[in-house]
Amino acid sequence: TTMNQAARAYQSAAARRDPREQEADVFRRVTGGLRAAKRDPELRVRAVADNMRLWLMVGDLLRDPGNALPAPLRAGIVSVGHAVQRDMAQAEPDLDFLILVNESITAGLSGGA
């Protein structure tokens, strides 16, 4: 089917892409949701929830003993993740702060930091 062909094409293309760039793309998509939520408050709950899921996953990956990043870098990113999660737990998360943090992580993953 067309859907299966599309999925195979995506998997083939993704397999050739740098994993860091794939991770940066995830941050870009979530950050795009946060930006959209600034324009449309109805999107806010979904955007913050997506960002929470992303940062929970990042924390899990960074705490994995098999993670190859240097321990000080992992600890720093985990600390940033805690700040992000605290902000997202507020009644009115600071979308500008969340966007700034995500953009900084994206730049680091893309080699722009």
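What are the residues in the range 67-113 that are in contact with a Leu (Cβ under 8 Å, 6 or more places away or on another chain) and not in a helix (DSSP H, G or I), if any?
Of everything in the range 67-113, those that are in contact with a Leu (Cβ under 8 Å, 6 or more places away or on another chain) and not in a helix (DSSP H, G or I) turn out to be N67, L69.
Go over the candidates R20, R46 one by one and state the one that is modelled with pLDDT of 95 or more, of a type in the set (D, E, K, R) and open to solvent by 90 Å² or more (accessible area, probe 1.4 Å).
From the options R20, R46, the qualifying one is R46.
I need the full set of residues from the range 81-99 which are open to solvent by less than 60 Å² (accessible area, probe 1.4 Å) and either of a type in the set (A, V, I, L, M) or over 17 Å from R35 (Cβ atoms) (or both), in order please.
Those that are open to solvent by less than 60 Å² (accessible area, probe 1.4 Å) and either of a type in the set (A, V, I, L, M) or over 17 Å from R35 (Cβ atoms) (or both): G81, A83, V84, Q85, M88, L95, L98, I99.
Please go through the range 49-80 and give me each residue that is among the small types (G, A, S), closer than 19 Å to G108 by Cα and open to solvent by less than 90 Å² (accessible area, probe 1.4 Å), ordered by number. Break it down into steps so the answer makes sense when it comes.
From the range 49-80, those among the small types (G, A, S) are 49, 59, 66, 68, 71, 75-76, 79; that's our starting set.
Of the ones still in play, those that are also closer than 19 Å to G108 by Cα are 59, 68, 71, 75-76, 79.
Correct list: G59, A71, A75, G76, S79.
Mind counting the residues in the range 30-45 that are in contact (Cβ under 8 Å) with a residue 12 or more places away in the chain and either under 14 Å from the mean Cα position of the chain (by Cα) or outside any helix (DSSP H, G or I) (or both)?
So the count comes out to 5.
The values are calculated or read from the model by the stated rules, or taken from the named source; none is laboratory data. Since the structure is predicted, the reported quantities are computational estimates derived from the model, not experimental observations. Counting neighbours? That spans all protein chains shown, and the Cβs are built from the backbone with ideal geometry, glycine included. Quick note on the areas: whole protein, heavy atoms, side chains included, nothing else; ligands and nucleic acids left out. Shrake-Rupley method; radii C 1.70, N 1.55, O 1.52, S 1.80 Å.
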